[in-house]
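To keep things clear, I will list the structure first and then write my remarks on it.
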Amino acid sequence: MKLGLNLSFAVKRWLDPVELAKMIKEDFGVDHVQFTWDLIDPWWPQAQRDVMVYQYKDAFAATFGGLASYSYAHLLAPTKIQRDIAFTFFKRAIDMTVDMGAKIMGTPVGGMDYHDARDPQRREELYQDMLEYLRKLAEYGKTKGLEEIHIEATPLITEFPHSPEVSVQM
């Protein structure tokens, strides 16, 4: 097992890539580091975003959706329009991850609203839809050079996966 570090602690605190890299290497002595999208948002305009992305090039093994990702319904949103927007967002996150030189992307996939979460038929529809989006993202990621997509398990019944059993099922 690799011991690593997620950069969520750095959000709004350490934004200089050189200073952050030095701290991680010299103060923490960690080699396996997961970059958080809270430091660079995949939605930002690509030209400006990529200036910052290339400052971090090859510094991280993986990227992660970060704290903000838990705020959005993403691939489990109630409307197809919202899920399609989330799909585009995750494609941009894959692009950013690969441009950073990382081979792994991790994220929660989203959350259902109150009514959908309590309707067994709707839950299943959204679950199957989410799996289809994830398959498409995996295909897209593979063409871009991404090797793995890690799905964040959460303890909330409104999200997938929300238990060890559901994690295995996925």
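The values are calculated or read from the model by the stated rules, or taken from the named source; none is laboratory data. Keep in mind that this is a model prediction, so the values were computed, not measured. Every residue, glycine among them, receives a Cβ derived from its backbone with ideal geometry; neighbour counts consider all protein chains shown. Ligands, DNA and RNA are excluded from the accessible area calculation, which covers all protein heavy atoms including side chains. Shrake-Rupley method; radii C 1.70, N 1.55, O 1.52, S 1.80 Å.
Counting only residues that are part of a loop (DSSP other than H, G, I, E, B), closer than 16 Å to SER69 by Cβ and in contact with a helix residue (DSSP H, G or I) (Cβ under 7 Å, 6 or more places away or on another chain), how many does region 143-170 have? Spell out the reasoning first.
Filtering region 143-170 down to residues part of a loop (DSSP other than H, G, I, E, B) leaves 145-147, 152-163, 170.
Filter once more, keeping what is closer than 16 Å to SER69 by Cβ: 152-156, 158-162.
Within this subset, residues satisfying the condition of being in contact with a helix residue (DSSP H, G or I) (Cβ under 7 Å, 6 or more places away or on another chain) are 153, 158, 160-161.
Qualifying residue count for the region: 4.
Inspect region 7-25 for any residue being open to solvent by less than 50 Å² (accessible area, probe 1.4 Å) and assigned to a loop (DSSP other than H, G, I, E, B) and give the result as yes or no. Reasoning before the result, please.
So the first thing to find is which residues in region 7-25 are open to solvent by less than 50 Å² (accessible area, probe 1.4 Å), and the list is 7-8, 10-11, 17, 20, 23-24.
Restricting the remaining residues to those that are assigned to a loop (DSSP other than H, G, I, E, B) gives 11.
Yes - at least one qualifying residue is present in region 7-25.
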Subset of region 91-142 (residues that are touching a Lys or Arg at 6+ places or on another chain (Cβ under 9 Å), within 19 Å of ARG49 (Cα to Cα) and assigned to a loop (DSSP other than H, G, I, E, B)): MET100, GLY101
Please find, within region 32-52, the residue that is most open to solvent (accessible area, probe 1.4 Å) out of those that are out of contact with any helix residue (DSSP H, G or I) (no Cβ under 6 Å at 6 or more places or on another chain) and either of a type in the set (D, E, K, R) or in a helix (DSSP H, G or I) (or both). GLN48
What are the pairs, 6+ residues apart or on separate chains, where a residue within region 142-165 that is touching a residue at least 40 places away in the same chain (Cβ under 8 Å) and under 19 Å from ALA62 (Cβ atoms) has its Cβ under 7 Å from a residue that is surrounded by fewer than 17 Cβ atoms within 10 Å (Cβ to Cβ) and among the charged types (D, E, K, R)? LEU146/LYS103; GLU147/LYS103; GLU148/LYS103
For SER69, which of the numbered conditions (1) open to solvent by less than 20 Å² (accessible area, probe 1.4 Å); (2) in a helix (DSSP H, G or I); (3) at pLDDT 95 or above; (4) under 22 Å from VAL11 (Cβ atoms) fails to hold? (3)
